[in-house]
Amino acid sequence: MIDTYLTEMRRKLREADIPTSQRRAIVREQESLLLELAEADCDLAAELGTAADYAQHVTDEVSSLPGFGGQEASWLGSLHRYLSNPLRALSAKGRSSLWNIDDPRVLQPHLLGFGWSVNWAAVAIRLGIIRPDDIDGDVIAHIPHRDLRMATLFPSVLAAAHGIALAVTWKSLPAQLPTPGALGQHQQDRYRARLLGPLAVSAASAALSAAQLPANSDREDALRVASLATLLCGVSPTKLISAVVHQEKARNSAALQVGVGIAAVGASAACLILPLRAGLKATWKQAGIM
């Protein structure tokens with residue numbers, strides 16, 4: 001009986017032009033649901049209707065969601081997704097793509113500039129860190145305040161380290177460097193002054209994150225802000241690192257910058273996943289599971 005429902009569902013989703021990766025994720029989720037109903041001795045036909053009707057219902061629901069089927073599967077939808085609105089990061093709705101437990105897609109429209117951002121919820125599920133049904137309002141409410149505070153203040157630590165590093169190396173860096181001009185003449189580039197821009201971005205991001213508690217009553221969104229701020233504060237020093245490495249005439253500067261970027265991405269993910277895991281453990285403890 002379950003195979004009949006799944007076969008019909010695959011057919012309907014294929015007819016609706018749902019991309020293959022999304023079809024597989026939907027079918028896996030529905031298979032788990034059907035197995036749970038079967039184990040509870042439920043009559044699938046009575047609960048869900050015929051296989052064809054239920055498959056059509058699921059397909060209609062999925063097709064109505066943003067990012068599934070139709071336009072998103074076309075080149076125009078992909079282009080629209082790539083050329084995203086950089087102001088999305090300023091709204092809670094836009095930031096929701098950083099952690100969306102209900103969306104199986106790892107890549108989401110980018111919050112800043114062009115390209116894509118990562119849905120850390122989908123990553124955590126694929127790595128087995130959490131299950132799709134683990135995180136709910138109760139879990140978020142049980143996140144220890146200490147963990148929330150640490151996550152929202154972590155960007156301030158990175159911004160402070162950035163500022164200290166710039167202050168220590170400031171005098172050793174050249175104030176100006178010659179750069180090719182439009183007519184072949186060399187102009188003096190205000191090299192050292194340009195390092196203040198990334199520091200300003202880092203400081204602003206850290207301040208926004210630190211202001212989340214208690215100003216933002218949405219704890220989940222506060223963690224999203226902390227995650228985004230951590231990423232910005234983590235990658236902001238790369239220009240300074242490049243300048244110092246160039247000054248010291250050291251090798252492998254590109255590898256060092258890549259390493260800093262990878263560390264920033266990991267820290268950004270940790271600001272979301274670790275507090276939510278702490279909330280999940282607190283919920284289990286209260287229920288007597290741990």
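The values are calculated or read from the model by the stated rules, or taken from the named source; none is laboratory data. Just so you know, these numbers come straight off a predicted model, no measurement behind them. Note that we place each Cβ from the backbone using ideal geometry, even for glycine, and neighbour counts take in every protein chain shown. Heavy atoms of the whole protein, side chains included, go into the accessibility calculation; ligands, DNA and RNA do not. Shrake-Rupley method; radii C 1.70, N 1.55, O 1.52, S 1.80 Å.
Brief remarks follow.
- Residues within segment 135-162 that are of a type outside the set (A, V, I, L, M, F, W, C) and in contact with a Ser or Thr (Cβ under 8 Å, 6 or more places away or on another chain), tallied: 6
- Given (1) of a type in the set (K, R); (2) over 30 Å from A229 (Cβ atoms); (3) modelled with pLDDT under 80, index of the condition R11 fails: (3)
- Counting the residues of segment 46-62 that are in contact (Cβ under 8 Å) with a residue 12 or more places away in the chain and over 35 Å from the mean Cα position of the chain (by Cα) gives 2.
- Residues that are under 19 Å from S97 (Cα atoms) and modelled with pLDDT of 80 or more within segment 26-73 comprise just one, I26.
- Of the helices (runs of 4 or more DSSP H) lying entirely inside segment 212-290, those containing at least 3 residues that are touching a residue at least 12 places away in the same chain (Cβ under 8 Å) and closer than 12 Å to L148 by Cα are 219-235, 253-286.
- Whichever residue in segment 151-163 is open to solvent by 60 Å² or more (accessible area, probe 1.4 Å) and without any contact (Cβ under 8 Å) to a residue 60 or more places away in the chain and, among such residues, is nearest to R224 (Cα to Cα): L153
- Within segment 103-159, the set of residues being outside any strand (DSSP E or B), at pLDDT below 85 and farther than 21 Å from L280 by Cα comprises R105, V106, H110, L111, L112, G113, F114, G115.
- Filter result for D3 (open to solvent by 70 Å² or more (accessible area, probe 1.4 Å), assigned to a loop (DSSP other than H, G, I, E, B) and acidic (D, E)): no
- Pick from segment 6-45, criterion open to solvent by less than 80 Å² (accessible area, probe 1.4 Å) and either of a type in the set (G, A, S) or over 35 Å from the mean Cα position of the chain (by Cα) (or both), ranking: farthest from I125 (Cα to Cα): A45
- Each residue in segment 46-57 was checked for being part of a helix (DSSP H, G or I) and either under 11 Å from T4 (Cα atoms) or open to solvent by less than 50 Å² (accessible area, probe 1.4 Å) (or both), and 5 pass.
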